[in-house]
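Quick notes on the structure that follows.
The values are calculated or read from the model by the stated rules, or taken from the named source; none is laboratory data. In this text the structure is predicted, and so the values were computed from the model without any measurement. All Cβ positions, glycine included, derive from the backbone under ideal geometry; neighbour counts span all protein chains shown.
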Amino acid sequence: MKINIICYASSDVGLGVYSRYFIAHAINSNISISLFDVDSGLGRTGKYADYINLTVPEVSMLPYDINLFILPPHDLDRLRYVNNGQFFGDAKVADRFNVALTFWELSVLPCMYLETMQMMDVILYPSQMIFNIFSSSCPGPLPIECFIPMDVPDVKAVARNEYALPDDTVIFICSFDLYSDIYRKNINGVIRAFVDSLCDNEKAWLIIKTNMVVTESALSRLYELEQLVAKYNRIMIVSKNMDYDEVLSLYRACDVYVSLHRAEGFGLGMFEAMALGMPVIATAWSGNMSFMDSRCACLVHSSLTSSDGSMHSAYHPQAVGSDAMWADPSINEAAKWMALLINDSDLRKKIGAAARDRIKEWNASALQSTLFEKLEAAFEQKELISTSADLKQKLTHYRADRYRLYLPRGFEPSRYLQLHPDVRLAGYNPIFHYINFGAKEGRAF
């Protein structure tokens with residue numbers, strides 16, 4: 001079997017990490033692959049050269065009949081329109097068998113991404129959450145389960161004194177990217193749970209790991225977070241950029257990983273912490289429940305509430321409707337878990353060992369999966385199941401009327417490009433750019 005893979009092959013982002021695990025699995029499964037490395041932006045591309053020998057410099061040089069996109073919906077949608085559709089044209093989307101391995105967090109796929117996703121012949125779903133989203137929100141593409149082995153490196157713990165952390169403490173850690181939605185990640189919830197349960201316990205520390213502080217907006221979000229925790233001398237923010245093994249080493253130096261997320265498509269940080277043998281306190285909802293249960297994790301109950309992200313326009317009710325939900329985890333229950341774990345080292349070891357065993361079980365099962373056999377069978381049946389070339393060609397033409405709901409009155413695409421030559425030179429579709437970036441940046445239109 002031969003596949004073109006279009007992904008963040010060299011990027012220092014979560015989906016870049018996942019892409020490299022997928023590529024390794026494909027190679028180990030004797031799949032012939034050719035790569036195109038998509039720029040994830042903000043200087044995060046080019047950090048890893050693991051598969052540079054398989055990478056072509058131009059998307060038009062990809063040789064095989066199957067395109068596999070490992071990208072989030074918004075970037076796949078962006079590539080559809082960049083340079084007036086040239087990328088999709090060069091990738092021969094209208095003529096090839098197209099597969100998307102994608103991640104989304106909410107219970108509904110925004111309609112602004114629907115047409116692009118419906119150009120795919122197959123959706124690979126890496127968690128039950130993803131299957132539920134696309135089966136209900138994106139009819140058309142064939143769904144195929146995609147649970148892959150991820151052999152997280154067994155790194156050594158960084159010395160605690162590198163961060164001025166005492167050895168005789170119990171350290172909780174959470175992590176997030178400053179370009180993820182901080183409200184969805186619910187870092188404030190982790191802080192509240194820690195303060196409510198352990199504020200007066202001198203043994204307890206909380207580390208908040210973030211990265212990529214390279215823009216004014218990221219600096220602003222970091223400053224707000226620093227102001228929030230300034231009065232707590234045992235809450236530490238670690239914002240320096242680290243490579244993958246360094247991040248894992250920092251996890252390894254800590255005792256408990258915490259994720260009180262409102263929604264996750266998968267939950268790679270939780271998966272990594274479990275693989276390292278750490279107990280994980282986590283919201284019992286969304287993608288992480290594909291590899292977690294009450295035997296191997298400290299699950300926190302939640303209620304469901306309408307989604308309303310603070311950063312991503314696609315999270316807003318106007319984009320996903322009133323039916324899109326995400327979790328509101330119990331801060332009180334998370335606080336009880338923290339108080340229990342800090343005083344019981346045996347329980348921490350027991351849950352951590354169970355977590356490690358669960359990930360080993362996951363990887364062993366994933367090694368036996370029939371993912372590529374199913375994908376090959378779907379390709380052989382492409383005349384029956386694939387999106388027709390005529391429909392793909394039709395969908396490559398942008399239909400601005402579908403997006404008027406998300407635009408301010410008086411918005412004119414040509415005027416927006418005149419006002420912002422950087423958008424024009426970058427090849428962005430003006431409507432896509434305004435919806436996803438320009439509105440948050442306060443750009444004139």
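Just so you know, in region 191-219 the residues that are of a type in the set (A, V, I, L, M), under 25 Å from R252 (Cα atoms) and outside any loop (DSSP other than H, G, I, E, B) include one that is nearest to the chain's Cα centre (by Cα), and it is I208. Within region 323-338, being surrounded by 14 or more Cβ atoms within 10 Å (Cβ to Cβ) and within 24 Å of the chain's Cα centre (by Cα) holds for A324, M325, W326, A327, D328, P329, S330, I331, A334.
Of all residues assigned to region 275-284, at least one qualifies as being under 26 Å from D200 (Cα atoms), buried (at least 22 other Cβ atoms within 10 Å of the Cβ), under 18 Å from the mean Cα position of the chain (by Cα) and in the same structural domain as F176 (by TED's automatic domain parsing). Scanning region 238-268 for residues that are hydrophobic (A, V, I, L, M, F, W, C), crowded, with 16+ Cβ neighbours inside 10 Å and in contact with a strand residue (DSSP E or B) (Cβ under 6 Å, 6 or more places away or on another chain) returns C254, V256, V258, L260, A263. In summary, E383 fulfils each of the numbered conditions (1) of a type in the set (D, E); (2) over 30 Å from L206 (Cβ atoms); (3) at pLDDT 90 or above with the single exception of condition (3).
It is to be established whether one or more residues within region 339-352 are more than 26 Å from the chain's Cα centre (by Cα) and closer than 17 Å to W285 by Cα.
Taking every residue of region 339-352 in turn, none turns out to be more than 26 Å from the chain's Cα centre (by Cα) and closer than 17 Å to W285 by Cα.
Might you check whether a residue that is free of Cβ contacts under 8 Å to residues at least 40 places away in the same chain and of a type in the set (A, V, I, L, M, F, W, C) occurs anywhere in region 5-22? The answer is no; no qualifying residue exists.
I'd like to verify a number: residues in region 285-308 that are in contact with a His (Cβ under 8 Å, 6 or more places away or on another chain) and either surrounded by fewer than 22 Cβ atoms within 10 Å (Cβ to Cβ) or not assigned by TED's automatic domain parsing to the domain that holds G267 (or both), how many? Residues meeting the conditions: 1.
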